[in-house]
Structure formats: structure tokens, C-alpha cells
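**Student:** Sharing a structure with you now.
The values are calculated or read from the model by the stated rules, or taken from the named source; none is laboratory data. Everything quoted here is computed from the prediction, not taken from an experiment. Note that we place each Cβ from the backbone using ideal geometry, even for glycine, and neighbour counts take in every protein chain shown. The area values use the complete protein model at the heavy-atom level, side chains included, leaving out ligands, DNA and RNA. Shrake-Rupley method; radii C 1.70, N 1.55, O 1.52, S 1.80 Å.
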Amino acid sequence: MTNPLTTAASLRLAGIRKSFGATHALRGVSFGIAPGEVHALIGENGAGKSTLMKILSGAHRADAGSMELAGRPYLPENPHDARLKGVAMIYQELNLALHLSAQENILLGDESARAGWINRAASRERARAALAQLGHEALDLGRPAGAFSIAEQQVIEIARALLKQPKILIMDEPTSSLTQADTEKLFATIGRLRAQGVGVIYISHFLEECRRIADRYTVLKDGETVGSGEMKGATLDHLVTLMTGREVKDLYPRAAHATGAVVLEVRAAVSPPRLRCATLQVRAGEIFGLGGLIGAGRTDLLRAIFSLDELAAGEVCVVGAPAGRSTPRARWTEGVGFLSENRKEEGLMLSQSIADNLTLTKQDRFGRFGFISGGRQRATAQRWVDELRVKCRDAAQPIGELSGGNQQKVAFARLLEHPAKIFLLDEPTRGIDVGSKAQIYQLIGDLAASGKAVVVVSSYLPELLGLCDTIGVMCRGELAAVRPRAEWTEAGVMRVATGGE
Amino acid sequence: MKASLKRILLKGGPFIGLILVIAFFSIAVPLVTHHGNFFTYHNFKIIFTQTVIVAVGALGMTMIIVSGGIDLSVGSTIALTSVIGARLLQHDWPAGVAVLAMVAGGALIGLLNGTLIAGLRMVPFIVTLGTLGIVRGTAKWLAENQTVNYPTPLQKAANADWHTPVDDWMTTADPDGMALPVGVWVVLALALLVALLLCRTVFGRHVFAIGSNEQTARLCGLPTVRLKILIYGLAGCLFGLAGLFQLSRLSLGDPTAAVGLELDIIAAVIVGGASLNGGVGTVLGSMIGALLMAVLRTGTQAMEWPNYFQEIIIGLVIIVAVYFDRLRQGREN
């Protein structure tokens, strides 16, 4: 066996193109990575990162362009073939059989066996060796994968990838569901892989992380490589400018707005298991931001306000509405609207039309005696489609056929059409393109200017700081600090979010 | 051009399937057997009449399946309500009362299913598998484990001309007459009603909404629990009516009737283009599906193929229909 350090494992891509129908996902991407290099691949959603990774991992085939791995042409037939050739991928959503043990998962599809009988000693040996390579030899191989934490599950998945001695390991948003401490451990693991000569392609939205862990970077925008270089000299502003093609300050248009009376009050709200205590006031014309790590209870707070989850203690008061137990139905009547962070699973009915999705909260308005006038319903939907420039055939098109950004505009329009007075927006710009993002920021600004109250949950700090008047940061289920925006910095939010303050 | 052809094939799948099957039997039956023409008014009168019970059941089942649910207790419900009807007729209650009692009986079973499913948040498949047994047992209990015959000797003695209109609604006793039995007209009227309910009313939109994405429905303030109970209850009314036609066809209450009929009914709805994942389905499709099943049964009989052959063919048709559904979903993704 060759020493991995001496293997020339550089991967080179040149002029990669890929179209899906009329959509040009990639329009000439070039990219290179050397052995033992951590290379950050950066770009907004829709920039073409996932398409590029799918081509690299063999799930798609490029229309044009060349790929070379260790000096030889690299043309993977499928993901399995890519792994055999030395390119492994760790997806954001982990692919583990949760009922099988850690060992069984590591060896899945590559069991040490003779004539179908598993050789248990050899299996353990190989699984153990893969874990040792990652510095996790203490992991209990016999435990079911589902019993491990997310971070440990990730280690199991990386160990599985290592069995094939990959030259290139692709990691897609590996830290999105990790705690700060686990992220540190993951960075240590990546450091070991780097020392062993594995090239790591690191995809993340967290630019700070990329700056810490990566040696070099490549920025994609609209399917093209727009920049690439040493991470050492790159500033955050430089990267953002490359990614978005605009200065950070342009993205968050600030309409002048004045705040009025309190319209929503939450007092010591508790909703197990995640929300442990939250107290806040939101005024008319105010944009209230909720920051914090994923799992800190932000979504749970919004759900509790909207009565999707029950309160175990404390209270939520919508001004002008009776206090006490409520339902989502009553909340809509009171003028509270909720935009779910989970469009596909909770926010939208993917098989139904744009019109039905947009008007679901108040369909009885479109007819009489329980009957619906489809024409009026579609006309209303069409008005929003035009106003928000939703790209679609017409309002009768099933919403599942639209892109994420356009779906989100329709989901947002549901609140506008209702119409709501208090907007609860959970990650309103997650997974959508920059154009739609700017449009949603504009909408939020306009809402505040017209005296509506907006509560925004966001994991993206520049968004939080660029958009909101007041920011509350949650940490481990508690709303730890609420201050005007002027008193916050990105570092300050992170300190509170990670429990450092 | 090619894309639009594919679209037509997928959209009109059930209808094209029905035409093909009718065409096949129309050609094959006179060629292979001595039965003469298959494509006759008389034959279709029988086919329509045979479709009635499955069709009425499929109307209720369409609502349930579109809302993302399933009901396995239909066959048992049909048996129980037919026993209830027969018992009332035995005791000289007027036909109208018997009909109302059967519809109410079906509704009660539906409300029970709906309450267990929505109120206690249990899986429809398991809940209705349970009520399938409970309702069947109750039917046998109420019938004292035998068929419930009317008129009883006592009724016959009191009035030699004893007769109930219930017996007339599914009769094909007059094979050469042009008139279709009442049951067929009732199905047509009900199909129109249910189609209007699903497509043109707020309730109908909400049925689709729940089936397409229950979480979204809840988030948008729809009363999901109430809606589901209502859906199962309404479907139960239709199942009670199916029991009425079962009673009318046999002219007796049989607690062991309609065993496995739930599968025919579900198959009709699925063949008609509904998705078991909910959110998709049409009344027209389900009716075509029900008709397709009846044509297959009558056709295989006319071909003098053995019974088991018929079961195999119907099984194959279901698999083909589900494959078409898969293609359709593939297109959407």
C-alpha cells in the first residue's frame, strides 16, 4: 500500500457545465484541490454548489468540461463508483441506518464476509481502525447508531467513508446541526484527515468557520466560479462581496419606520422540552430579531406564540385578544400569521396549487354558503404572483414545481393576503436565492413601515443585524438578552448564543 | 407533442384502461365463446348494477383517501348495516325508516373511526383494522350468526303479498327493459354531489389540504380534528347506503356479506388515480375505477375463465394503476 502522503491526489475540474432543461445550473466552473488541503466551497443557495457536488460524487453527469483525479480522467458512473475511485461525500442529512450498530453502519455495503457469513473479528478490526484514524477509537461499536449524538453519528459516517481510503472527502454543511464544542471536535478530525493527505472539500454557509478551517477557497455565483484563492488573505467582506455581487449594506434596505404601542407580549413562557423561559414585547412597526444556535428554542418560542405548541407556564398576550389557551385558528383570526421554517414538511401543500396554498387560511372568503369560486381565488393569487414576481405558469400550477425562493414568496403572500398584523417569520430566507432574499427583506421593511409587527428568527447574523430594530438572543431554551440593534455586534450575539455571557 | 401525449396518457389513464378492457372483451368474447356480443346494452345494464355497491363505497373512500386516510372497515360496515335494515324490515318498519337507520348506522361507525383516528391520534390503518373485526362481529351478533330473512313466515301469513320497495332498487329482473335500476341513478346523483362537495366547497378544499399536508392545514388554522371526524362520518353515511344496496341485491341481511369488499373499493379509488399519500384523487376517476373492476369481473365470466383467473387479473390491474401513479408523481418531482 502506498503512503497516502505521497499519493498525488489532486482533483482538477475545468469548464464544468450542467443544465436542467432551460435552467443553467453550472456555466463553466473550474476548481482544484491538492492533497492534504481543506478547500472551502462558498456560495449562496442556488449558486450551484450542490449540483457541482452531485457531479463530483457521481449522482449527476456534467454536460461539458473535464475532471481529473490524480492526473487521470475522472468520470464517475454513480456514487458507488465515485467512492471506489476515491471521492466520498458526507451529506448534510446523515445517511445512517439508525437501528444498526455503529460497526454495522461503518461496514454497510462493504462487510468483511466469506460466502455471505460475516467475519466478526475482521469487521471489528476494520471499523476500529477507521475510527482510530479519526481519533475516536473509544466509540462503542456495538451501540445502535440512533443512540449516538448527531456529532458522533457524523464521526461514524466519516469513518464509513474512510474505509475506501478516499483521496477526496466532500462535506456538505457538516456543522449545521452541531454545537460549538462538537464543531471544535469536527475541526480536529478534519485536521487529522488533512495530515493524512486527504483533500477535504468543505461546504458551509458559516464563513467564519470556513476562514478558520480552510486553506483555500472557491466562490460560486450563478453557476460560475467568481473567485478563488488563499484563505489567509481573504476578509469576510471580500467573500460576501464575491458571493452576493453586492456590498453587505445594500442587501438590507432600511425603510424608515417608527414603533408604536405594544401588540404582542410574552411573559415567562415555558414550552417543554426546548423552550425554558422567554419574556419579550413587540411593538407595532418593530422588527424583532431572534438569534441563537439551532436548537436553542427559537422556533419553539414562535410555535408557542402561535399556539402550535402548548404552554406549560407563562402567557402569550396578543393585544386585543382574550388571554389564555388559544389555537392556531384563533391566532389567524386575531391577525397573527406564522411562516414555518420548514416549507416542504409544514409550510406548504406541495401537490396543491399556488392559489390553494396562498388562500388556505381564509378560503370561505372566496364564495358563499360554503362554496368556493375558483376564479376569484385564482385572481387573488394571480395578483400576488404578479406583485411578488413569482416565477410560475399561472396560479393553478402545483407549488411543488416552483423553486425554493418562489415557494417562499407564496408562503409569505399567504400572510400578506390574510392579512396579518403580527408576522412570525421562522428563517424566512433559508434555502432561497439572493434575489428572492432581497425581495423578502424589502417586504419585511415595508411591513414595519406600515405599522405591522414582525418577529424574525434567523441563524444568519448579518441578516439579523442588518434587518432588525431589536434583537433577542436565545441560549439553551432561554431568551438570554434583548437589546436594541445598536448595542449588538456579530461577536456579541455569538457570545450570548454560546452561553459565554 | 411527445410530452403532451404522455400527459394525456397519465391524466386519462383510468379512462383509457376502461376503453381498452371493454374493447378487448368486445372482440374476444364473441370470438372465443358462444355468448355472442359482449358490447350490448343488456350486458352494460348488468355491469352498471354490479358496480353500484363498490361505487357508493368508493365515493366515501375517495373522500377518506384524498384526506390522507384509509378505511378497512367498509366491508364490515356494509354487512352490519344490511343486517340492521333486514331486522327493521322483519319488524314491519317502513322502508324509509330502514334506510335512515342504515345510513345513521354507517355514520356512527364512521364517527367512531374518525374520533379514534383524529381524537386519539391513531393510525387509520390499524384503527379501521380493529373496527373491521368489531363491526363484523357485531353484525353476526345482531343477526344471531345467520342470514336475516324477510318476510318472515309470520309476515307472510298476515299478508300474502308482503313486499318492500327495498327489493326493487337493485333488480335486473326485467332484463329486456331499458330502465336502469334505481341504484344506478342514485350512484350517479351521489357522484355528482360528492364531486361538487370536493371540488367546489370550502370543506372539499380542506379535505385536499389535510391530505396534501396535515401540518400545513393545522398551521393555517384548519380544525383538523373536527374535519377528519366529519370526513369519516360522511363517508360512513355512504357506506351505510352501500349496505342498503347490498340488502336490496340479496333481499336478505347477510352478516357474512361483503367480506374483502374494502379491497375492491380501495382498489377502485386507487385505479381511478387517487394517491394513498393523500391530496390527490377525483370522483370521476374513482367511478371509472369501480366500473373497470365490474367490467373485468363480468368480462372474465363471459370468457368462461375460472374465478381465480379473475382475481389474478384484478390484482395485476391494481399494480399497473399504482405504477401509473408512481409515474405521475415522478413527473411532479
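**Student:** Restricting to DSSP loop positions (anything but H, G, I, E, B) with no more than 10 other Cβ atoms inside 10 Å of their own Cβ, which trypsin sites (Lys or Arg not before Pro) remain in the stretch A:200-240?
**Tutor:** Taking the stretch A:200-240 and a limit of 10 other Cβ atoms within 10 Å, the loop trypsin sites (Lys or Arg not before Pro) found are A:LYS232.
**Student:** Above 18 angstrom, tally the Cα pairs of the stretch A:23-131 and express them as a % of all pairs, no decimals.
**Tutor:** Across the stretch A:23-131, Cα pairs with separations above 18 Å total 62 percent.
**Student:** Give the relative contact order (percent, whole number) for the stretch A:4-250; include only Cα pairs under 8 Å separated by 6+ residues.
**Tutor:** 29 percent
**Student:** Mind putting a number on the dipole of the stretch A:195-237 about its Cα centre? Charges go on the C-beta only, +1 for Lys and Arg and -1 for Asp and Glu, and I need it in Debye to the nearest 20.
**Tutor:** With only Lys, Arg, Asp and Glu charged at Cβ, the dipole is about 140 debye.
**Student:** Across the Cα atoms of the stretch B:14-84, what radius of gyration and what greatest pairwise Cα-Cα distance (Dmax) are found, in Å?
**Tutor:** Just the Cα atoms of the stretch B:14-84 yield Rg and Dmax of 16.7, 46 Å.
**Student:** Right, next: What shape does the stretch B:16-326 have by the C-alpha gyration tensor, where a ≥ b ≥ c are the square roots of the eigenvalues, rounded means a/c under 1.5, and otherwise prolate means a/b greater than b/c and oblate the rest?
**Tutor:** Taking the square roots of the gyration eigenvalues as a ≥ b ≥ c, the stretch B:16-326 is oblate.
**Student:** A follow-up question, please. May I ask for the angle, rounded to the nearest 10°, between helix A:120-133 and the longest principal axis of chain A, with both axes built from Cα atoms and the value confined to 0 to 90°?
**Tutor:** 70 degrees
**Student:** Could you give the length gained by full extension between B:GLN301 and B:LEU193, i.e. 0.36 nm per residue of separation minus their alpha carbon distance, to one decimal place?
**Tutor:** That works out to 35.6 nm of additional length.
**Student:** Within 10 Å of each Cβ in B:221-227, how many Cβ atoms from other chains are there, averaged over the peptide?
**Tutor:** Mean number of neighbouring Cβ atoms from other chains: 4.
**Student:** With charges set only on the Cβ (+1 for Lys and Arg, -1 for Asp and Glu), what does the dipole of the stretch A:4-250 come to about its Cα centre, in debye to the nearest 20?
**Tutor:** Dipole of the stretch A:4-250, to the nearest 20 debye: 660 debye.
**Student:** For the peptides A:356-363, B:295-302, what is the packing order when you average, over each peptide's residues, the other Cβ atoms within 10 Å and list the highest mean first?
**Tutor:** Ranking the peptides A:356-363, B:295-302 by packing returns A:356-363, B:295-302.
**Student:** Note down the net charge around A:VAL263, summing +1 for each Lys or Arg and -1 for each Asp or Glu among other residues with Cβ under 12 Å from its Cβ.
**Tutor:** Neighbour charge sum, excluding A:VAL263 itself: 0.
**Student:** Next question, about the same structure. Are there DSSP H segments in chain B that both extend 30 Å or more along their axis (alpha-carbon positions) and score a mean Kyte-Doolittle hydropathy of at least -1.0? List them, or say none.
**Tutor:** B:41-66, B:224-250, B:307-332
**Student:** Students sometimes get this wrong: rank A:VAL270, B:VAL322, A:VAL29 by accessible area, probe 1.4 Å, all chains present, largest first.
**Tutor:** B:VAL322, A:VAL270, A:VAL29
**Student:** When Rg is the radius of gyration of the Cα atoms in the stretch A:4-250 and Rh is its Kirkwood radius, what does Rg/Rh come to?
**Tutor:** That ratio equals 0.98.
**Student:** Under the definition of partner shielding as Cβ atoms of other protein chains within 10 Å of a residue Cβ, what is the mean value for peptide A:364-370?
**Tutor:** Rounded to a whole number, the mean comes out at 3.
**Student:** In the protein assembly as shown, what % of DSSP beta bridges are antiparallel (nearest 5)?
**Tutor:** The antiparallel fraction comes to roughly 55 percent.
**Student:** Using a 10 Å cut-off around each Cβ of peptide A:342-350, what is the average number of partner chain Cβ atoms that fall inside?
**Tutor:** Average neighbour count from other chains, rounded to a whole number: 5.
**Student:** Here's another thing I want to ask about it. Averaging sequence separations of C-alpha pairs under 8 Å and six or more residues apart, then dividing by the length of chain B, give the relative contact order as a whole percent.
**Tutor:** Computed value for chain B: 34 percent relative contact order.
**Student:** In addition: To the nearest 100 Å², how much accessible surface do chains A and B cover up together, summed over both, with a 1.4 Å probe?
**Tutor:** So the buried area, both faces added, is about 2100 Å².
**Student:** Across 5 Å bins from 0, what is the distribution of all Cα-Cα pair distances for the stretch A:353-419, in whole percents?
**Tutor:** Once binned at 5 Å, the Cα pair distances of the stretch A:353-419 give 4, 20, 33, 24, 13, 5, 1, 0.
**Student:** Which values, in whole Å and largest first, are the semi-axes of the equivalent ellipsoid of chain A obtained as the square root of 5 times each eigenvalue of the Cα gyration tensor?
**Tutor:** 43, 26, 23
**Student:** Follow-up. Could you grab the relative contact order for the stretch A:68-213? Cα pairs under 8 Å, six or more apart, rounded to a whole percent.
**Tutor:** In percent, rounded to a whole number, it is 29.
**Student:** Length gain on complete extension for the stretch A:ARG368 to A:ALA321, per 0.36 nm per residue less the alpha carbon to alpha carbon distance?
**Tutor:** So the chain would gain 14.2 nm between A:ARG368 and A:ALA321.
**Student:** For B:LEU20 and B:THR152, calculate 0.36 nm times their separation in residues minus their Cα-Cα distance, and state this gained length in nm to one decimal.
**Tutor:** In short, 42.9 nm is gained.
**Student:** Would you mind working out the magnitude of the charge dipole of chain A relative to its Cα centre, with +1 at each Lys and Arg C-beta and -1 at each Asp and Glu C-beta, to the nearest 20 Debye?
**Tutor:** In debye, rounded to 20, chain A gives about 620.
**Student:** Tell me which GluC sites (Glu not before Pro) from the stretch A:73-116 have a DSSP coil assignment and no more than 12 other beta carbons within 10 Å of their own.
**Tutor:** Here the GluC sites (Glu not before Pro) that fit, given the DSSP loop and packing criteria, are A:GLU77, A:GLU93.
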